[in-house]
Amino acid sequence: MRSRPPTGHRATFNRRFTSALEHADSQRAPGWSFLPVCLMDDRPEVLPWLGAREGECQFRSLAKYVRFVVYKRDEDSLEPQGIFQAAADLAASNQLASHEREIYEETRAWFRERLKKPKRFARSQQANAHAFAICWFKDTAHEHLAQVRQFVYLLEEHGIAVRQLTTARPGYVVYEDDFQIAAEPFRGER
């Protein structure tokens, strides 16, 4: 038995949704995926907060986690080295000018005050478990993401290329706080 085509409110919604999907697909950057967030009347309290009206669709990037890396493998995780370790290595090499050293120390102090060091880096509960987990910022940690750009600046000033990685699938989460997670990558995604 065939279902009848939607009418009324549902039909209007379906037209808007299809139109929004087509528009988002034509506007998206290569390699980006979008998750449709459709706003219906079942949660009207979120509509003003999202800047949308009932029946509209908005599209959010699926990327929830952000990581900055350099083109060097970390010996422990076997993943690209993270920006904190890369910045520490640069500082330890004594290649920073005095004003750059000041930027490094201020940024490091800022993170020491506002970002906890994860308590776990392994899925296993065993004390001697190999630590495979890598840290990712949550995409909602706006201040932290802005501040980490100080390290990006320092590294790039010294010819060290920095990449920004984003993902919705960081792996098995072994630690989480308000600003970051530590996750062990899924097997086969290393």
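Every read-out reported here was derived from the displayed coordinates using simple, explicitly stated rules and does not represent laboratory data. Keep in mind it's a predicted model, so treat the numbers as computed, not measured. Neighbour counts run over all protein chains shown; Cβ positions are idealised from the backbone, glycine included.
Where does each of Ile83, Ile160 land when they are ranked from fewest to most other beta-carbon atoms within 10 angstrom?
Final ranking by Cβ density, sparse to dense: Ile160, Ile83.
In the neighborhood of His158, defined by Cβ-to-Cβ distances under 14 Å, what is the net charge if each Lys or Arg adds +1 and each Asp or Glu adds -1?
Counting the neighbours of His158, the net charge comes to -2.
Looking at region 87-179, which trypsin sites (Lys or Arg not before Pro) are in a loop (DSSP not H, G, I, E or B) and have at most 12 other Cβ atoms within 10 Å?
Lys116, Lys119
Mind jotting down a quarter of the surface of the convex hull over the alpha carbons of region 65-184, in square nanometres, one decimal?
7.4 nm²
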